[in-house]
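To keep things clear, I will list the structure first and then write my remarks on it.
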Amino acid sequence: MALIFLRSLVFNVLFYFFLVLWILFAIPTFLMPRKAILTVAGWWAKSNLLLMRLICGTKVEFRGVEKIPQGPLIVASKHQSMWETFALLQFFDQPLYILKRELKFIPFFGWYITKAAMIDVERDAGGKALRDMVRRAGKAVRDGRQLIIFPEGTRRPVEAPPHYKHGVAQVYKDCGVACLPVAHNSGLFWPRRTFMRYPGTLVVEFLDLLPPGLSRDEFIDRVRDTIESATDRIVRDAREEQAELFGRVPVAPARGE
């Protein structure tokens, strides 16, 4: 564990060092079309995956990439850590996020958010602000963007009971496009609220598309069941791999066992 601690420390120092370099490198994109900053963001995401592999011994396996369609799309992802907020960028040419409004006021980072035309929302502003967010997201998606959204709203510990919010169903209904569910086990390798990073195989699985036109309740049920069943399987496999790497049994079984 001492070696993992040291590798995690080195990784985090380099992660933020290179983040500053990427921020400076991207300055010319302010004078370019929106596509430029999105391209740089994709390069940044790929560089982080390479850094994790070289420093932490964390390999990444992307499954089902062939299921990703072109054009407007909702991408509904499991949310276990910060990792997926940047790692999914590289697969979409016009990625779109819904972000807390206060992030827009962070120097450089907030300016890039504005340049990339992300959607900001005040989480405590009430129903009117949420309806405005849904309207803006729907228009952006219908204009050809891919909305990456986390149906649980916030990061959840690995194997915590799922808590899918119905707001994502409203976004889905307003956009009128297909939804691509995404399962992964990032929380085992980049846990929330700690700087530790763990070796092993981080798996991301793009699942079968959900068609447009489902009712809100049916959509929530299907996206939850699809993501959670795949996540349980992926986490269980990773626990077994970790048991072999660290010479101990998995910390906890997947739900439903």
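Before moving on, here are some points about what is shown:
- Any hit, the range 110-128, residues being over 17 Å from F219 (Cβ atoms), crowded, with 19+ Cβ neighbours inside 10 Å, touching a Pro at 6+ places or on another chain (Cβ under 7 Å) and of a type in the set (A, V, I, L, M): no
- Among (1) small (G, A, S); (2) over 17 Å from T85 (Cβ atoms); (3) out of contact with any Lys or Arg (no Cβ under 7 Å at 6 or more places or on another chain) - the single one A169 does not satisfy: (3)
- Restricting attention to the range 98-129 and to residues that are touching a Leu at 6+ places or on another chain (Cβ under 8 Å) and assigned to a loop (DSSP other than H, G, I, E, B), the residue that is nearest to A45 (Cα to Cα) turns out to be A116.
- Residue in the range 67-77 that is assigned to a helix (DSSP H, G or I) and without any contact (Cβ under 8 Å) to a residue 60 or more places away in the chain present: no
- Among the residues of the range 81-102, none qualifies, meaning not one is at pLDDT 95 or above, crowded, with 17+ Cβ neighbours inside 10 Å and in contact with an Asp or Glu (Cβ under 7 Å, 6 or more places away or on another chain).
- When the range 179-212 is filtered for residues that are buried (at least 19 other Cβ atoms within 10 Å of the Cβ) and over 17 Å from R236 (Cα atoms), the ones remaining, listed by number, are C179, L180, P181, R197, F206, L207, L210.
- Of all residues in the range 28-50 being free of Cβ contacts under 8 Å to residues at least 24 places away in the same chain, over 21 Å from the mean Cα position of the chain (by Cα) and assigned to a helix (DSSP H, G or I), the one that is surrounded by the most Cβ atoms within 10 Å (Cβ to Cβ): P28
- Test: residue in the range 10-20 that is more than 25 Å from A140 (Cα to Cα), out of contact with any Gly (no Cβ under 8 Å at 6 or more places or on another chain) and touching a residue at least 60 places away in the same chain (Cβ under 8 Å): yes
The values are calculated or read from the model by the stated rules, or taken from the named source; none is laboratory data. Values in this document were obtained by computation on a predicted structure and should not be read as measured data. Here Cβ is always computed from backbone atoms with ideal geometry, including for glycine, and neighbour counts include all displayed protein chains.
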